[in-house]
């Protein structure tokens, strides 16, 4: 129980640190793109730091404890984050749909990568305190890949999981916030459990790279193919499916309104 209390304390401290950082950014920075870029960096850092520690909890107390904490974290982020996602394919999705320019999407993705990459030093510093036997030496232990299938199956698992997750998330976006948050959290946890024994079930390139890039068993090229290209493909596929379904609903109401994407992007740029 002591280890659980210490891990939860780390998670709470990390969340409070992120809240403070977000508040300062919103108070001090008025430029829209710069503000969102920094907020994405904070979100990515917060997400990855918490994921590192949730893995520790799951290893000690089992998958049920890890899932419970993950569920609480996902609910919290659904209410505390605004436009942030901490996930690189979300800006890509915005670019595809025309809500932001490509260069803006690239800036947001780079910010997420920086946040995910740099946060390990913060987690490592906590582990080096060795507050429990489960944290002792953890920063020195060699990591091994979570990819247990060939890269093509891994690509499909990460891609299809991402596609399903995005479709569910967008489908419930019109219901009340609490219901949507619960459904999204349950969907993500279910997908992670389903993919855990095959790829680790990350469905987020930033988290996958923060935790497993360079680990024994998967070289960088294969890692990028499975954990980056797979989810980006899944996100793009979900965008196509979502708009096809939306167009069919619009067509039933008004046949003349049928279009693949909204008018804002049918005729080029954005806004």
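What follows is calculated from the coordinates using simple rules that are stated; it is not laboratory data. Computed from a predicted structure; not experimentally measured. A quick note on method: Cβ atoms are made from the backbone with ideal geometry, for glycine too, and the neighbour counts reach across all protein chains shown.
For the chain, place one equal point scatterer on every Cα, skip the solvent, and apply the Debye formula. What is log10 of I(q)/I(0) at q = 0.09, 0.10, 0.13 Å⁻¹?
-0.43, -0.54, -0.91
Quick one: compute the contact order of the stretch 2-266, relative version, from alpha carbon pairs under 8 angstrom and 6+ residues apart, as a percent.
Over the stretch 2-266, the number comes to 22 percent.
How would 38, 72, 119 line up from fewest to most surrounding beta-carbon atoms within 10 angstrom?
So the ranking, lowest neighbour count to highest, is 72, 38, 119.
Of 27, 41, how do they rank once you tally other Cβ atoms within 10 Å and put the fewest first?
Ranked by crowding around the Cβ, least crowded first: 27, 41.
Compute the label zone of residue 141 within the stretch 30-60: residues whose backbone N is under 18 Å from the point 7 Å along Cα-to-Cβ.
Correct set: 49-60.
Starting with the fewest neighbours, write out 211, 1 ranked by other beta-carbon atoms found within 10 Å of each beta-carbon.
Lowest count first: 1, 211.
Can you tell me the orientation of helix 177-195 relative to the chain, as the angle in degrees between its alpha-carbon axis and the longest Cα principal axis, to the nearest 10?
60 degrees
What is the distance in Å between the Cα centroid of the stretch 171-188 and that of the stretch 79-125?
Spelled out, the Cα-based centre of one part sits 21 Å from the other.
Who wins for biggest fluctuation among 162, 82, 117 in a Gaussian network model of the chain, springs between alpha carbons below 10 Å?
Comparing 162, 82, 117 in a Gaussian network model of the chain, the most mobile one is 82.
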